[in-house]
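Q: Could you have a look at this structure, given as structure tokens, before my questions?
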Amino acid sequence: MAYQINKTDGTIVATVADGQIDDRSTDITLIGKNYSGFGEIFNENLIKILENFAESTQPDHPLRGQIWFDSSESKLKVYNGVSFVPVSSATISSTQPSTLAIGDLWYDDVGEQLFFFDGASAILLAPAYSSSQSLSGLRVDTILDTLNQTRVITSLYNNGILLGIFAKDSFTPKLPIIGYTGSIAPGFNVGTLANFKIRATCTNSDSLGGAPATTYVRTDVANAINGQLQITVDSGLIVGSANQGSLFVTNGNVTLANASSNKNITLSVNRSDTQENAIVINANARTIGLYPTESTSTVNLGGDLVVNGNLTVEGTTTTLNTSIFTVEDKNIVIANVAVPTNSTADGAGITIKGGTDKTIAYSNSSNWLDISETLNLASGKAVYIGGTKVIDGNSLGSAITSIPGVTAFGTQNVINVGPGIPPVTQMRLENHRISTVSSNFDIELEPDGSGNVALIGSPKITGLANPTSAQDAATKEYTDNRIESRPLIFSIDLSDGKSNTYIVDNILNNLAPVSEYRTGTDARILCSLISNNAQSLEINSLPPAVSTAAFLTTLGGSSSLAITNISFPPATITAASVSVTRIIKEFKIVGGVWDWQSDTVLPP
């Protein structure tokens, strides 16, 4: 009968049939009754237990409480029912383990920091910074100076960058210090980090920016500034004993203002050592004078002149020397005579001078505008008739429903087909593709009469989905997969105790070669094991029929009796009892080979 293997708590780990082994339920091989060659497997089981399954990867089928020596970390671990955890109290991981107990140490192998667990939280022991933060804080070093004397310095780092060095002596380092140049003086010596400042308030200083304090402007005395003066606030500059004048900025606009009532602002220039008033702004009269006292001055405007009131030009000739003439009025009237008619308007228009005249002119005889040149509409514009678009740069207007006389089109990028006016696109021909545009529409091919859909040149139909109904077409892959991955059913007699390896090598590999089936294909084999109990016959219980006869001996001529005939009555032997054990063995193609999966013992 099959062995049932129990754990300490009484639950069944596996059932091993007679003459079989089980190397799937646990990490040691379980041996069935009367298995041939069990000695090697038994000894290997002892070795595995002795070396605690030493390997770089954890056992495949661990039981709670099983010990494993992780050879990649040279650490002994125990399986807690979920995962293997180190037996020692020191745990190495990138995140805080949930299994820490009071007094345990945890080393963060990503941040490279050591923590102590006090029962509530992990307390950082050292270093104070993680590996991602790099060296940060104070570090005490002993270095040599140029006289080979030892000097003790305290360096201040942040994120691996040297900020500066504290020292009590003056000396020059013998070897370069990364992030610092020059000699060291008593106090804090700033490193080479750009824009490093000690942002605190000082009561006094030897110098500012390396310059003596006497070079800076004071507010209590007159100053001469040898350099540019820049005011970086919009409130700007205020001058005058009563703050009469100011120069300031408002919303980016610069303002020169006079705060005294009815006082002028004058811009004066020096011409030949004579001061002349170039611009005089009279606040009281609201006038601006440009060289108001000079009769020979000229005002040149390099840009536009905007006159909000009336413009009066005195003179007999007005010349506009400009490339663009802009008129604000909405209508320009041409041929404006006392009594206008079509005849008086004949030939009126616009002439553009060039190598030949370019004209737009009214023709009274034809009652239309004659345009001498080709019209070129800007991109995105169209031609309309009666308010309806006729043509644009890309297409005819929707009102155009016929094109008489057109027999051929050029190559089209896209053809949209659909019913209605204007049409609603339902099908699109684009490049080499026919597609539907409206949602959930089919593409239908409908030959007339008895015609068929014929493919020329033996092409393939690709991209088919798996069939869901009887009339759906199936792909080669779908058909091959259904055939090559179907379950296989066999039955054999295992009374001779053949192993799973024998079944794979000599039966499955011959009946169902893996090259003909897909990975994951199952094979179920009904195995029968027949045994009988021999019956014995007790001869002593059968009364024999005997006869005797006298025989003369060679010595002395005496005679003795001897049995001459022995016969037994017919004996009936009860037939031997026969018992049958049935097991369903399941195999699966895994990694290109047949692999045993499980045994199921059927009830008698």
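The values are calculated or read from the model by the stated rules, or taken from the named source; none is laboratory data. Please read all numbers here as calculations on a predicted model, not as lab measurements. Glycine gets a Cβ as well: all are built from the backbone with ideal geometry, and neighbour counts include every protein chain shown.
Q: Looking at the range 452-461, can you tell me whether even one residue there is surrounded by 10 or more Cβ atoms within 10 Å (Cβ to Cβ) and part of a loop (DSSP other than H, G, I, E, B)?
A: No; the residues of the range 452-461 include none that is surrounded by 10 or more Cβ atoms within 10 Å (Cβ to Cβ) and part of a loop (DSSP other than H, G, I, E, B).
Q: Would you mention how many residues in the range 117-143 are farther than 27 Å from Leu156 by Cβ and at pLDDT 80 or above?
A: 5
Q: Taking the options Asn226, Asn262, Asn189, name whichever one is of a type in the set (S, T, N, Q), over 59 Å from the mean Cα position of the chain (by Cα) and not assigned by TED's automatic domain parsing to the domain that holds Ala285. Working first, answer last.
A: Details: Asn262 fails: not assigned by TED's automatic domain parsing to the domain that holds Ala285; Asn189 fails: over 59 Å from the mean Cα position of the chain (by Cα).
Just a single option satisfies the conditions, and that option is Asn226.
Q: Suppose we filter the range 1-32 for residues that are in a loop (DSSP other than H, G, I, E, B) and without any contact (Cβ under 8 Å) to a residue 12 or more places away in the chain; how many remain? Steps first, please.
A: Here is the first cut: in the range 1-32, the ones in a loop (DSSP other than H, G, I, E, B) are 1-2, 7-11, 17-20, 23-29, 32.
Within this subset, residues satisfying the condition of being without any contact (Cβ under 8 Å) to a residue 12 or more places away in the chain are 8-11, 23.
Going through the range 1-32 one residue at a time, the tally reaches 5.
Q: From the list Ser72, Ser130, exactly one residue is more than 30 Å from Leu162 (Cβ to Cβ), polar (S, T, N, Q) and free of Cβ contacts under 8 Å to residues at least 24 places away in the same chain. Which is it? Let's see the steps before the verdict.
A: Values: Ser130 fails: more than 30 Å from Leu162 (Cβ to Cβ).
Answer to the selection: Ser72.
Q: Would you mention how many residues in the range 361-378 are in contact with a Ser or Thr (Cβ under 6 Å, 6 or more places away or on another chain) and of a type in the set (Asp, Glu)?
A: Matching residues across the range 361-378 total 1.
Q: Separate question: Report, by residue number, each residue of the range 33-54 that is assigned to a loop (DSSP other than H, G, I, E, B) and within 23 Å of Gly10 (Cα to Cα).
A: Within the range 33-54, just Lys33 meets the criteria.
Q: For the range 100-134, which positions are in a loop (DSSP other than H, G, I, E, B), within 22 Å of Glu73 (Cβ to Cβ) and of a type outside the set (Ser, Thr, Tyr)?
A: Selection gives Leu100, Ala101, Gly103, Asp104, Asp109, Val110, Gly111, Glu112.
Q: Looking at the range 186-235, which of its residues are at positive phi and either β-branched (Val, Ile, Thr) or surrounded by 10 or more Cβ atoms within 10 Å (Cβ to Cβ) (or both)?
A: Listed by number, the list holds a single entry, Gly187.
Q: So, in the range 360-385, of the ones that are farther than 26 Å from Gly347 by Cβ and not aliphatic (A, V, I, L, M), which residue ends up surrounded by the most Cβ atoms within 10 Å (Cβ to Cβ)?
A: Going through the qualifying residues, I end up with Tyr384.
Q: Same structure, new question: Can you name the condition, by its number, that Thr57 falls short on among (1) under 38 Å from the mean Cα position of the chain (by Cα); (2) modelled with pLDDT of 90 or more; (3) outside any loop (DSSP other than H, G, I, E, B)?
A: Unmet condition: (3).
Q: Return the residue satisfying two criteria in turn: it lies in the range 426-461 and is hydroxyl-bearing (Ser, Thr, Tyr) and at pLDDT 85 or above, and of such residues it is farthest from Tyr478 (Cα to Cα).
A: Ser450
Q: If I ask for residues that are out of contact with any strand residue (DSSP E or B) (no Cβ under 8 Å at 6 or more places or on another chain), free of Cβ contacts under 8 Å to residues at least 12 places away in the same chain and more than 26 Å from Leu377 (Cβ to Cβ), which ones from the range 409-436 would you list?
A: Passing the criteria: Pro419, Gly420, His432, Arg433.
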